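I have placed the structure first, in the form of structure tokens, so that the comments after it can refer back to it.
The values are calculated or read from the model by the stated rules, or taken from the named source; none is laboratory data. Owing to the predicted nature of the structure, the values given are computational and were not obtained by experimental measurement. Every residue, glycine as well, gets a Cβ built from its backbone with ideal geometry; the counts of neighbours run over all protein chains shown. With ligands, DNA and RNA removed, areas are computed over all heavy atoms of the protein, side chains included. Shrake-Rupley method; radii C 1.70, N 1.55, O 1.52, S 1.80 Å.
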Amino acid sequence: MWPILGILTVAIGMTLYEVPSLVERNLKRELWVFFILLIFGVILSIAESLNLDIPNPSDFLTVIYKPFTDFILNIFK
Amino acid sequence: MFNNWKISPHQFEILVVMCFIGTSILFSPVDLATTVKQDAWLGAIAGNILGLFLVCLYNAVGNYFSNMTLIEYAESVLGKWLGKTLSLLYFSFLFINCSMILWIAGDFITTQITPEAPIQFTNTLFVLIVIMGTRLGLETFARAAEVLYPFVIGLLIILMIFVLPDIESKNIQPVFEYGIKPMIKGGLFYSSLSSLTLIPLMMIFPAHVNNLKEAKKSFLRGTLLGGFVIFLIVTLCILVLGQDMTARNAFPSYALAKKINIGNIIQRIEAIIAIIWFITTFYKMLLHFYGATLGLAQILNLKDYRPLTLPLGMILVVLSLVVFPNVTYAGIWNTTTWLPYVLTYGFFLPLLLLIVSLFRKSKKRI
């Protein structure tokens, strides 16, 4: 409960800090990207604070690079 | 507005040195001692030679786009869709690598310095300062690097002088016992930590340095200087700790500083190496993060990259907590998948750009 509240507070703080100047300068694209990234970040942080399983990019890379890795390590055997 | 930022070749050279020393000051002694045993210092020389060739490649690519960053150049030379796809992959590499460096920093702090502090907080604090540097911009952090640089070099010199009495020459004998193959392997692993990770500098290098000709020399000089520092650290680790202790220790250069004891007065000054490491790793992370945010802003055609820093920092903290579940996983990952992964972006991507630009240039002439 507390971590989620903390994360939401941080997110609101970021919005208050960033958005007014963006609205003032009329940067709509930046605003969209900011909110998409922020929502993504909040979801990830809450998942992490609840100890949910977040997919690990290094596992994914291990699978993709497997043939290349084997090839390189074979050269130096 | 950030298109007009210019730094001097001297500042660029300092950034190269910082980025080069970054994580490799802690990890290259382990990697080299594991693969090449007591000939680790020869492996470091081989790695530095590889690094110089690599920087020559970067310089050659840099020739073709003197007023663009790597991402803008990829788009202009490979077309919109292919260029954007490659740029996104490059962004993901910088971002994931940044989270790995953050994990390493957090791991070092929580295991060696403040064991009680939760890793979430150390990582958040580290990211906050990186975000601050990124928001202040290239010119500011380059000048800050100029201020911090003498401390890094001064502390390194102090460290090296103080460990001299502990040297035992039998530790590096017999020389050249294992032949050339492990030496090249060690050199390759070493450059995967140091010179191959200079690739985020391609977001700064030709476009934001005010004198291209001097900048190319600075790039080489910075790599040479950084390589010399790591070579000395590796050699001292082998000479003082021996290859066995160097290979087994998680952070041998830190253990090296712990050995210092001069007349029972000067001892336990390992904080020296921690300070050097914090400064250089901060710059390595900053360059990765700056490259990633600026890159994402350029991929999406944004006018300002600053709004992206805070949310990306938030994602970075979470990513750094999940990217490596534990030290063993990180160790295995770094000796297997890391090398081909960094080769893809640190070597093949610039090589591809170079080949395409050569091809386009010759086509234009006909």
Mind checking which residues of region B:208-238 are among the aliphatic types (A, V, I, L, M), open to solvent by 10 Å² or more (accessible area, probe 1.4 Å) and more than 18 Å from the chain's Cα centre (by Cα)? B:L212, B:L236
Under the condition of being touching a residue at least 12 places away in the same chain (Cβ under 8 Å), among the charged types (D, E, K, R) and not in a helix (DSSP H, G or I), which residue from region B:247-294 is least open to solvent (accessible area, probe 1.4 Å)? B:E270
In region A:10-44, what residues are over 17 Å from the mean Cα position of the chain (by Cα) and under 17 Å from B:Q120 (Cβ atoms)? none
Among the residues of region B:136-151, is there at least one that is surrounded by fewer than 22 Cβ atoms within 10 Å (Cβ to Cβ) and touching a Lys or Arg at 6+ places or on another chain (Cβ under 8 Å)? yes
Going by what's in this entry, would B:S99 be described as farther than 25 Å from B:I233 by Cα, crowded, with 22+ Cβ neighbours inside 10 Å and out of contact with any Gly (no Cβ under 7 Å at 6 or more places or on another chain)? yes
Would you pick out the residues in region A:1-18 that are surrounded by 12 or more Cβ atoms within 10 Å (Cβ to Cβ) and at pLDDT below 90? A:P3, A:E18
Subset of region B:281-308, residues facing chain A (nearest Cβ under 7 Å) and of a type in the set (D, E, K, R), comes to B:K303, B:D304
Across (1) among the aliphatic types (A, V, I, L, M); (2) at pLDDT below 85; (3) over 30 Å from B:T140 (Cβ atoms); (4) open to solvent by less than 30 Å² (accessible area, probe 1.4 Å), B:V175 clears everything bar (4)
How about region B:328-361: which of its residues are open to solvent by 10 Å² or more (accessible area, probe 1.4 Å), more than 10 Å from chain A (Cβ to nearest Cβ), under 19 Å from B:Y190 (Cα atoms) and of a type in the set (A, V, I, L, M, F, W, C)? B:F347, B:F348
First in region B:130-143 and in contact (Cβ under 8 Å) with a residue 40 or more places away in the chain, second anywhere and of a type in the set (G, A, S), Cβ under 9 Å, 6 or more apart: B:V130/B:G313; B:I131/B:G313; B:G133/B:A144; B:T134/B:G313; B:F141/B:G133; B:A142/B:S8
Among the residues of region A:47-75, write down those that are loosely packed, with under 14 Cβ neighbours inside 10 Å and not in a helix (DSSP H, G or I). A:L50, A:N51, A:L52, A:D53, A:P55
Given (1) more than 10 Å from chain B (Cβ to nearest Cβ); (2) more than 24 Å from B:F95 (Cα to Cα), A:L27 misses just (1)
Being closer than 20 Å to B:G226 by Cβ, of a type in the set (V, I, T) and either in a helix (DSSP H, G or I) or under 22 Å from the mean Cα position of the chain (by Cα) (or both) narrows it down to one of B:I157, B:I129, so name that one. B:I157
State yes or no: is B:P311 in a helix (DSSP H, G or I), within 7 Å of another protein chain (Cβ to nearest Cβ), open to solvent by less than 10 Å² (accessible area, probe 1.4 Å) and not aromatic (F, W, Y)? yes
Cross-chain or 6+ apart pairs with Cβ under 9 Å, region A:45-59 first and more than 7 Å from chain B (Cβ to nearest Cβ), then assigned to a loop (DSSP other than H, G, I, E, B) and open to solvent by 40 Å² or more (accessible area, probe 1.4 Å): A:I46/A:L52; A:A47/A:D53
